[in-house]
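Enquirer: Following this message is one structure expressed as structure tokens.
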Amino acid sequence: MIDLGTAIQRLCIHEGIRLEPYRCPAGYLTIGVGRNLDTNPLTPEEIKVVGDWQHGITKNAAFYLLRNDIARVEKECEQYVGFWHNLDNERQYALLDMVFNLGINGLLKFEKMLSAMALGNYKEAASECLNSKYARDVGKRAERIAKTIETGKFVV
């Protein structure tokens, strides 16, 4: 997997950081760096660290949640993407970013993209990424992710 600090930095670019609870564009209750509280509620351990999140959290708490989210998403990728360990770090990051945004079930709907990636056809995989509602919804983020899939390089 890509360096944790790098993943944190990139996800902050894509998600932003908001210390007060808010509704994301899809209507989900969210806090920190894109933590969807409706589909991924705080664990008892996280509540102990974060405290009364309804009135906002600290940056440290936001990054604590983000580190937990990255670990969870990486495990999901390892479990559900059969070729995960065959990918270089940058392409692993691209899929991690997509799962962070869409959930693992959302990523798994990209059957053609994943099939192309499994075969090493990154140009086709990038095209499939861009030919989606995801790309229309998130714009530049999807362009960056598709470029990362195609080239193996992340460019802001």
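Derivation of every value follows stated rules applied to the coordinates shown; laboratory data play no part. If you're wondering where the values come from, they're calculated on a predicted model, not measured in any experiment. With ideal geometry, Cβ positions are generated from the backbone for all residues, glycine too; neighbour counts draw on all protein chains shown.
Enquirer: Cross-link list LYS48/LYS153; LYS109/LYS140; LYS59/LYS109: which exceed 27 angstrom alpha carbon to alpha carbon?
Expert: Details: LYS48/LYS153 38 Å; LYS109/LYS140 21 Å; LYS59/LYS109 33 Å.
Over 27 Å Cα-Cα: LYS48/LYS153; LYS59/LYS109.
Enquirer: Right, another one. Residue by residue through segment 89-106, which ³J(HN,Hα) values in whole Hz follow from phi under the Karplus form 6.51 cos²θ - 1.76 cosθ + 1.60 (θ = phi - 60°), with glycine and proline marked x?
Expert: Those phi angles translate into 4, 5, 6, 4, 4, 4, 5, 4, 4, 5, 5, 4, 7, 10, x, 5, 5, x Hz.
Enquirer: Turning to a different aspect of this structure: Relative to the Cα centre, what is the charge dipole magnitude of the chain, using +1 at the beta carbon of each Lys and Arg, -1 at the beta carbon of each Asp and Glu, and rounding to the nearest 20 debye?
Expert: 360 debye
Enquirer: Now for a separate question. Students often check this: by mean Cβ neighbours within 10 Å, which of 60-72, 33-45 ranks highest, and how do the rest follow?
Expert: Details: 60-72: 17.4, 33-45: 15.1.
Answer by packing, highest mean first, reads 60-72, 33-45.
Enquirer: Can I get the semi-axes of segment 16-93's equivalent ellipsoid? Compute them from the C-alpha gyration tensor as square roots of 5 times the eigenvalues, in angstrom, largest first.
Expert: Semi-axis lengths for segment 16-93 are 26, 13, 12 Å.
Enquirer: Add -39500 (n - 2.57) for each DSSP H run of 4 or more in the chain, then divide by its residues: what number comes out at 222 nm, to the nearest 500 deg cm²/dmol?
Expert: Calculated at 222 nm, the ellipticity per residue is -19000 deg cm²/dmol.
Enquirer: Moving on to the next point. In a Debye calculation with equal point scatterers on the alpha-carbon sites of segment 1-55 and no solvent, what is log10 I(q)/I(0) at q = 0.17, 0.20, 0.22, 0.25 Å⁻¹?
Expert: Debye curve over Cα of segment 1-55, log10 I(q)/I(0) at q = 0.17, 0.20, 0.22, 0.25 Å⁻¹: -0.61, -0.81, -0.93, -1.06.
Enquirer: Here's another thing I want to ask about it. Non-local amide H neighbours of ARG18 (under 5 Å, H modeled in plane, Pro and chain starts lacking H): which ones?
Expert: Placed amide hydrogens put GLY32, VAL33, GLY34 under 5 Å from ARG18.
Enquirer: Expressed as a rounded percentage, what relative contact order does segment 4-151 have, with Cα pairs under 8 Å and six or more residues apart? All intermediate terms of the calculation are to be shown ahead of the outcome.
Expert: On the way: 155 pairs, mean separation 24.0, N = 148.
Result for segment 4-151 is 16 percent.
Enquirer: Using every alpha carbon pair in the chain, what percent of pairs falls into each 5 Å bin from 0 up to the bin containing the largest distance?
Expert: The distribution over the chain is 2, 9, 20, 22, 20, 13, 8, 4, 1, 0, given as percents.
Enquirer: Using the reciprocal of the averaged 1/r over all distinct C-alpha pairs, how large is the Kirkwood radius of segment 59-114 in Å?
Expert: Answer for segment 59-114: a Kirkwood hydrodynamic radius of 11.7 Å.
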